[in-house]
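The values are calculated or read from the model by the stated rules, or taken from the named source; none is laboratory data. Small disclaimer: the values here were computed from a predicted structure and weren't measured. Cβ coordinates were reconstructed from backbone atoms using ideal geometry, including for glycine residues, and neighbour counts include every protein chain displayed.
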Amino acid sequence: MSHAEFVTPEAALLRVLISGEGDSAEIMRKIKDWTQGRIDLDEPAFATAACALEGSGLILRRRGALDKRTGQAQTTFALTPAGHASAVEILAASLTRKP
């Protein structure tokens, strides 16, 4: 994306979740890739953005099976119907915005 300077971490998170749910590491990597490195979230920044979106009802946090390495439940994030609608708007805007 050549217009990443116009995208917030929250908008980028919504945008990458349009392709399906993922865990925090996968989502952060996809955000970095999609924004060509302009948004490179660390864990605290990701957690802040995810909590804001979860509080707004745009994403869901799902606890899954236990990770065999860590013994902790795997957490994934997915769009709600409202989050999907917002993500589609973000995608459309990113495709039509002129430099």
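Here are Arg38, Arg61: which of them is in contact with an Asp or Glu (Cβ under 8 Å, 6 or more places away or on another chain), part of a loop (DSSP other than H, G, I, E, B) and surrounded by 12 or more Cβ atoms within 10 Å (Cβ to Cβ)? It would help to see each step written out before you state the result.
Details: Arg61 fails: part of a loop (DSSP other than H, G, I, E, B).
That would be Arg38, the only listed residue that is in contact with an Asp or Glu (Cβ under 8 Å, 6 or more places away or on another chain), part of a loop (DSSP other than H, G, I, E, B) and surrounded by 12 or more Cβ atoms within 10 Å (Cβ to Cβ).
Which of the numbered conditions does Gln36 fail, given that it passes all the others? Conditions: (1) of a type in the set (S, T, N, Q); (2) closer than 20 Å to Thr96 by Cβ; (3) under 14 Å from the mean Cα position of the chain (by Cα).
(3)
In the stretch 19-35, how many residues are in a helix (DSSP H, G or I), small (Gly, Ala, Ser) and surrounded by 14 or more Cβ atoms within 10 Å (Cβ to Cβ)? Even if it seems obvious, please write down each step before you answer.
Here is the first cut: in the stretch 19-35, the ones in a helix (DSSP H, G or I) are 24-34.
Right, trim to small (Gly, Ala, Ser) and you get 24-25.
This time we only want the ones that are surrounded by 14 or more Cβ atoms within 10 Å (Cβ to Cβ), so: 24.
Of the residues in the stretch 19-35, 1 are in a helix (DSSP H, G or I), small (Gly, Ala, Ser) and surrounded by 14 or more Cβ atoms within 10 Å (Cβ to Cβ).
I want to confirm something. Restricting to the stretch 64-96 and keeping residues that are among the hydroxyl-bearing types (Ser, Thr, Tyr) and exposed (fewer than 15 other Cβ atoms within 10 Å of the Cβ), which single residue is farthest from Glu43 (Cα to Cα)?
Restricting to residues being among the hydroxyl-bearing types (Ser, Thr, Tyr) and exposed (fewer than 15 other Cβ atoms within 10 Å of the Cβ), the top hit is Thr96.
Return yes or no: is Thr80 in contact with a Gly (Cβ under 9 Å, 6 or more places away or on another chain), at pLDDT 85 or above and over 15 Å from Glu10 (Cα atoms)?
Against the criterion (in contact with a Gly (Cβ under 9 Å, 6 or more places away or on another chain), at pLDDT 85 or above and over 15 Å from Glu10 (Cα atoms)), Thr80 does not qualify.
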